[in-house]
Amino acid sequence: VLFISDRSGTFKIYKQAIDQTTPELVAGDSSNLAIPRLSPDGTEVLYEVYSNKWEQVSHVHPIMRVPLGGGAAQEVLEAMELVNHQCSRAPATICVYSQAEKDALTLFTFDPVQGNPKQILRVKDDLPYSYHWTHSPNGAMLAIAKRLDLPAESSIRIVPLDGGAERSIRVTGWSGIYGMDWAADSKSLRVSANVSDDETRLLNISLDGHVTPEFLNSQIEVG
């Protein structure tokens, strides 16, 4: 498991084997680090760097990479108002990041070593931070959905990265998507959705729109 913790005063990145009780430090300095993601080949961790004042989002943030086994961190790229980044799994080698502007959310592919971002999608909206998106492990698709308040019905937009036709999955009977991620085989999505104001259900949603509730909790976050 990769996670962040501020146990030492600023958010640093740790790893912990599922059969171990003690985490190991992967990366950390005087800045706050966030969103640790594995590189496509699983040998490095890509993460974002923020100032010590979290409210200062309107400036440049770097995406860094550091070997999972330890070593010096190196910068991959810099971007304004980074929101999220994810990478595919080998043999696919595509990584994606998003940045928020005052009237749009823009997504880019990038190389996990060299950077070289290329814009792939721009969603016009005055509330760009209200979107969740996730990149499929096989590198072929993006899933993106807007976080909606109850009782609105949610819809997930599936965007192929090869230029193919987009489609939309209506999440009938559920609302308020609060996070999502792909299953390991890229054939379905795990989504956290509202049941009520204080309860969340974890759903498995196939690409043909079939919804299977998995379990209920007071708060579930995915992604």
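Just a few scattered comments:
- Remark: relative contact order (the stretch 105-165) = 22 percent; criterion is Cα-Cα distance under 8 angstrom and separation of 6 or more residues.
- The simple Förster model, with R0 at 22 Å and r as the Cβ-Cβ distance, assigns ALA165 and ILE18 a FRET efficiency of 0.05.
- Extension reserve of the SER155-ASP41 stretch, reckoned as 0.36 nm per residue once the Cα distance is removed: 37.9 nm
- Rolling a 1.4 Å probe across all protein chains gives PHE3 an accessible area of roughly 50 Å².
- Pairwise label distance in nanometres, ALA104 with ILE120, each label 7 Å out on the Cα-Cβ vector: 1.7 nm
- Solvent accessible area, Å² - TYR129, 1.4 Å probe, full protein context: 120 Å²
- Its relative contact order, with pairs defined as Cα atoms under 8 Å and 6+ residues apart, puts the chain at 9 percent.
- Simple point charges give the picture: +1 on the Cβ of Lys and Arg, -1 on the Cβ of Asp and Glu, and for the chain a dipole about the Cα centre of about 300 debye.
- Dimensionless Rg/Rh of the stretch 63-152 - Kirkwood Rh, Rg from C-alpha atoms: 1.02
- Separation between Cα centres of the stretch 159-180 and the stretch 1-34, rounded to whole Å: 32 Å
- The order of MET80, MET180, MET64 by accessible area, most exposed first and with a 1.4 Å probe, is MET80, MET64, MET180.
- For the chain, the per residue solvent-accessible surface stands at 50 Å², with DNA, RNA and ligands left out and a 1.4 Å probe.
- Note on GLU44: accessible area is roughly 30 Å² with a 1.4 Å probe, heavy atoms of protein only.
- In angstrom, the C-alpha Rg and Dmax of the chain are 17.4, 48.
- The accessible surface of the stretch 1-120, taken with every protein chain in place and a 1.4 Å probe, is 51 percent carbon and sulfur.
- Shape box of the stretch 18-96 [Cα atoms, principal axes, largest first, Å]: 37, 32, 21
- The stretch 28-108, relative contact order in percent, only Cα pairs under 8 angstrom and at least six apart counted: 24 percent
- Length gained when the stretch GLU78-PHE3 is fully extended (0.36 nm per residue, less Cα-Cα span): 24.8 nm
- Comparing GLN114, CYS95, VAL83 along the charge dipole axis of the stretch 66-114, the residue lying farthest to the positive side is CYS95, per the Cβ-charge model.
- Within straight-line cross-link reach of LYS124, lysines at Cα separation under 27 Å, skipping those fewer than 8 residues along the same chain: LYS102, LYS146
The values are calculated or read from the model by the stated rules, or taken from the named source; none is laboratory data. Keep in mind the model is a prediction, meaning the values are calculated, not measured. Cβ atoms come from the backbone with ideal geometry, glycine included; neighbour counts cover every protein chain shown. Heavy atoms of the whole protein, side chains included, go into the accessibility calculation; ligands, DNA and RNA do not. Shrake-Rupley method; radii C 1.70, N 1.55, O 1.52, S 1.80 Å.
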